1. Using Cβ contacts closer than 10 Å as the measure, can you line up 124, 86 from fewest to most?
2. Given R₀ = 22 Å, FRET efficiency for residue 124-residue 35 by Cβ-Cβ distance, to 0.05?
3. Counting other beta carbons within 10 Å of each residue's own, what order do 166, 99 fall into, fewest first?
4. Taking R0 as 35 Å, what's the FRET efficiency between residue 141 and residue 107 from their Cβ-Cβ distance, rounded to 0.05?
């Protein structure tokens with residue numbers, strides 16, 4: 001009995017240390033990357049984006065900070081032409097996925113489902129054909145079909161400008177992915 005009692009605290013400490021080690025090794029951070037495009041007539045924005053994702057254990061699934069670099073593309077021409085550059089900084093929050101199915105075998109399952117991203121962005125443009133001018137903000141509500149670390153996003157965006165400019169509503173199409181950042185355990 002004395003021997004069992006002496007080993008119980010040691011085994012409890014070992015399990016506690018393993019749980020801490022597992023939490024330290026598992027990554028709650030990721031790099032996001034993707035393609036972003038507005039939809040509609042005339043000039044559109046097409047951009048690539050890269051960001052840093054903070055995955056959360058509770059509440060929202062993730063909060064991310066991202067940057068976009070792109071160009072204005074004229075969709076009315078037979079051969080698309082570009083004019084000007086656009087840069088954007090974004091902050092977004094993503095809900096947990098509503099799972100609708102799984103792909104793969106029992107050991108390597110890839111979840112499929114829907115989630116919702118709410119995003120705020122600030123844009124700075126050079127040679128902007130938009131009537132909002134060279135600086136504007138945007139608020140987006142973007143439902144997504146997510147398969148594993150990738151997502152197809154389609155939703156509305158409200159472009160906001162200064163006091164004397166009109167707001168505009170455009171559709172957004174985005175293809176996004178995430179790659180988890182790994183941490184190595186420290187001894």
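1. Ordered by Cβ neighbours within 10 Å, fewest first: 124, 86.
2. 0.65
3. 166, 99
4. It comes to 0.45.
Bear in mind these aren't lab numbers, they're just calculated from the coordinates by the rules spelled out. Computed from a predicted structure; not experimentally measured. Note that we place each Cβ from the backbone using ideal geometry, even for glycine, and neighbour counts take in every protein chain shown.
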